[in-house]
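Here is the structure we will look at.
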Amino acid sequence: MAPVPASLDLTTTLLRAALLLNVLVLAPVCFGLARRPRWAQSVYGEPGPGRQILLAMYAAILASSLVLLVRPAPPAVLTLLVLQVVYKVLTPLTVGRIRHPVVVSNLAIAGVHAAVIGAVVALGPG
């Protein structure tokens, strides 16, 4: 069996870390949006169709992240991360302010995911 190139091993580690970040953040958020505790209402607003649509989107990202942790597919992970960076960077524009907990966390996660994308691209194929 041939040894795994170091760049491939680092790429795999970075992509798994990004997926784990998704799981660690989205599992409690999805639970909160579904169960409707006070913090979810104060952060995401009153329950309604918009919140349920957001829950569906977050649940899709969570499920995709879990599947990709079990069955890694680097191109799929990169696609997921790019989509997340785009929507997260658009959040302050759609919310209209930066000083909001979801906007702040979205921008922080977008920064992490953008760094992972940049590192993976710089490492190139194994």
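Bear in mind that the values in this text are calculations on the coordinates, not laboratory data. Note that the structure is a prediction, hence the values are computed from the model and not measured. Here the Cβ is made from the backbone with ideal geometry for all residues, glycine too, and neighbour counts use every protein chain on show.
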**OP:** Work out the length of the dipole vector of the chain about its Cα centre, built from +1 on the beta-carbon of each Lys and Arg and -1 on the beta-carbon of each Asp and Glu, and round it to the nearest 20 debye.
**Re:** 420 debye
Original post:
Relative contact order of the chain: what whole-number percent is it, with Cα pairs under 8 angstrom and at least 6 residues apart?
Top reply: 36 percent
Original post:
At q = 0.10, 0.18, 0.21 Å⁻¹, what base-10 log of I(q)/I(0) does the Debye formula yield for the chain when every alpha carbon is treated as an equal point scatterer in vacuo?
Top reply: -0.35, -0.97, -1.23
Original post:
Where does the charge balance sit around S105 when Lys and Arg score +1, Asp and Glu -1, over other residues with C-beta under 15 Å from its C-beta?
Top reply: +3
**OP:** Would you be so kind as to identify which of V95, G48, V77 lies farthest towards the positive end of the dipole of the chain, taking Lys and Arg as +1 and Asp and Glu as -1 on Cβ and the Cα centre as origin?
**Re:** G48
